[in-house]
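Visitor: Below is the structure I would like to discuss, written out as structure tokens.
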């Protein structure tokens, strides 16, 4: 049965992709800087509130079925439509950093068009490329995976020009850039260095990210140990753990993680394999959760980059969120 369902899904994906490629039975046209896409209202309007409203507004004004996206990137629009029709876009190659700007543009476009699934997918695609370079930068000698400062600069410009200050994708690219700064900042007048001069906001975020870098983890840069409740005089103990099953590293305030008793690894869902981590190789993040237990600062975990993903943990709702 599972195999039949998989075959059916593949057939549907091919059918919808064929409709986009051929434009057969199209009843809506999307234009972007001279590029024309013949699409179907039943597909794009069903998935995007932006297109749904645009079509309704056009019908009310008596206009023809054309939606123009003059300020967007044609390649990002193409990727967006490929995803809407087939749940994927472009080449599935986590080693190819050439697509980093495309993933960033597609993420920003999806955010503006209210395409939440595409936003998560584009973010994941970007993370896959970042993590490959982050894990083995010294062996990235092939042209398609070599750290290229100009590609990083274009990607960061796109993200910082089109996302809010608290957008989590900024956290990801800033922290990975910090880990690879030796390579990215090799040339004083290079593309990445020039971008940092022009984009002060990113420079600020990169500098702030050093607070959690191992080399700066001393009395000056260590975050203050917070008291968990107003009745307690003692500070919450910071614990750093490693899971021996899935090899994830993470760190947090002991009293905020399942009451300080049971530790559950977000990678494998088990707690009996968690060990104290004595190695200086953990990368930290902070992230809030939307659970009902919305007390500021009481559901926070500094979390590490695992082998192939990021994980967030909430001590308020006892739930893990897998990356984006």
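The values are calculated or read from the model by the stated rules, or taken from the named source; none is laboratory data. A quick note: this is a predicted structure, and the numbers were derived from the prediction, not measured. Every residue, glycine as well, gets a Cβ built from its backbone with ideal geometry; the counts of neighbours run over all protein chains shown.
Visitor: Are any of the residues in region 94-114 in contact (Cβ under 8 Å) with a residue 24 or more places away in the chain, outside any helix (DSSP H, G or I) and closer than 14 Å to residue 44 by Cβ?
Guide: yes
Visitor: If you go through region 60-79 one residue at a time, do you hit one that is assigned to a helix (DSSP H, G or I) and modelled with pLDDT under 90?
Guide: yes
Visitor: Could you give every pair whose Cβ atoms fall below 7 Å, whose first residue belongs to region 163-179 and is under 15 Å from residue 107 (Cα atoms), and whose second residue is modelled with pLDDT of 85 or more and surrounded by fewer than 18 Cβ atoms within 10 Å (Cβ to Cβ), counting only separations of at least 6 or pairs across chains?
Guide: 169/163; 170/163
Visitor: Of the conditions (1) in contact (Cβ under 8 Å) with a residue 24 or more places away in the chain; (2) more than 19 Å from residue 161 (Cα to Cα); (3) in a helix (DSSP H, G or I), residue 29 fails just one. Which one is it?
Guide: (3)
Visitor: Moving on. Just wondering, is there one or more residues in region 1-24 that are under 24 Å from residue 116 (Cα atoms), in contact with a helix residue (DSSP H, G or I) (Cβ under 7 Å, 6 or more places away or on another chain), modelled with pLDDT of 90 or more and assigned to a helix (DSSP H, G or I)?
Guide: No, region 1-24 contains no residue that is under 24 Å from residue 116 (Cα atoms), in contact with a helix residue (DSSP H, G or I) (Cβ under 7 Å, 6 or more places away or on another chain), modelled with pLDDT of 90 or more and assigned to a helix (DSSP H, G or I).
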